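First comes the structure, then the notes that go with it.
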Amino acid sequence: MPSRAEVVVFNCREDDVAALRQASASNGPLVRDVDSAVAVAHHVVARRPAAVFIGIGKRSVKNLEVIPVIHTAREGLPVIVIADEDSLDLERRARSRSIFYYLVRPVNPVEVAAVLRDVLRRAAG
């Protein structure tokens, strides 16, 4: 029996994590909330998640620096960014690191569910 897929969540607010858990409640991926870039790297290598969600904002834009590490450890692993605000600068900086998807808070549960479906489809294929 195959194990349930996982997604790693880093630097996201409680409401982001709740939306992810709600979207994955019925046969979606397990949501693992981690507290550091080192923990993200560890999970990417050791647990092989289906995707990584990273929260960013003007004060936490340096969290984008973990994305090249993720891509080095697992080429093609989908990275989804959840931004604090609708900012062209933040979006440009995130997209320059080859992200899979860009969300802006407050996240839309329907959009989150669609992103998770795409991630799982990609992981299965």
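With respect to the numbered conditions (1) modelled with pLDDT under 95; (2) closer than 24 Å to D86 by Cβ, which one is the sole condition not fulfilled by F53?
Exception for F53: condition (1).
Could you list all residues from the stretch 46-66 that are under 26 Å from N27 (Cβ atoms) and either part of a strand (DSSP E or B) or out of contact with any Asp or Glu (no Cβ under 7 Å at 6 or more places or on another chain) (or both)?
Let us first name the residues in the stretch 46-66 that are under 26 Å from N27 (Cβ atoms), namely 46-55.
Those that are under 26 Å from N27 (Cβ atoms) and either part of a strand (DSSP E or B) or out of contact with any Asp or Glu (no Cβ under 7 Å at 6 or more places or on another chain) (or both): A46, R48, A51, V52, F53, I54, G55.
Which residues, taken from the stretch 1-29, are within 16 Å of Y102 (Cα to Cα) and in a loop (DSSP other than H, G, I, E, B)? Can you show your working first?
Our first condition is that a residue be within 16 Å of Y102 (Cα to Cα); within the stretch 1-29, this holds for 7-13, 16-17, 19-20.
Within the stretch 1-29, N11, C12, R13 meet the criteria.
Could you list, in sequence order, all residues of the stretch 80-125 that are of a type in the set (D, E, K, R) and assigned to a helix (DSSP H, G or I)?
Step one: list which residues in the stretch 80-125 are of a type in the set (D, E, K, R), which gives 84-86, 89, 91-93, 95, 97, 105, 111, 117-118, 121-122.
Across the stretch 80-125, the qualifying residues are D89, E91, R92, R93, R95, E111, R117, D118, R121, R122.
Would a scan of the stretch 13-29 turn up a residue that is farther than 20 Å from R121 by Cβ, among the basic types (K, R), touching a residue at least 24 places away in the same chain (Cβ under 8 Å) and surrounded by 15 or more Cβ atoms within 10 Å (Cβ to Cβ)? So that I can check it myself, show each step before the final result.
Start the filter on the stretch 13-29 by keeping residues that are farther than 20 Å from R121 by Cβ, which leaves 13-18.
Those still in the list that are among the basic types (K, R) too: 13.
Narrowing the set further to residues that are touching a residue at least 24 places away in the same chain (Cβ under 8 Å) leaves 13.
Now drop any that are not surrounded by 15 or more Cβ atoms within 10 Å (Cβ to Cβ), which leaves 13.
Yes, that holds for at least one residue.
Could you tell me how many of the residues in the stretch 80-98 are surrounded by fewer than 18 Cβ atoms within 10 Å (Cβ to Cβ), modelled with pLDDT of 95 or more and aliphatic (A, V, I, L, M)?
Number satisfying all stated conditions: 0.
Could you tell me how many of the residues in the stretch 30-74 are without any contact (Cβ under 8 Å) to a residue 24 or more places away in the chain and farther than 17 Å from S96 by Cβ? Full working, then the answer.
Just the residues of the stretch 30-74 that are without any contact (Cβ under 8 Å) to a residue 24 or more places away in the chain, to begin with: 38, 42, 46, 59, 62, 72.
In the following step, the residues that additionally are farther than 17 Å from S96 by Cβ were identified as 38, 42, 46, 59.
Here the count works out to 4.
On the given criteria, is A123 surrounded by 12 or more Cβ atoms within 10 Å (Cβ to Cβ) and under 27 Å from R4 (Cα atoms)?
yes
The values are calculated or read from the model by the stated rules, or taken from the named source; none is laboratory data. In this text the structure is predicted, and so the values were computed from the model without any measurement. For neighbour counting, all protein chains shown are included, and Cβ atoms are generated from backbone atoms with ideal geometry for every residue, glycine included.
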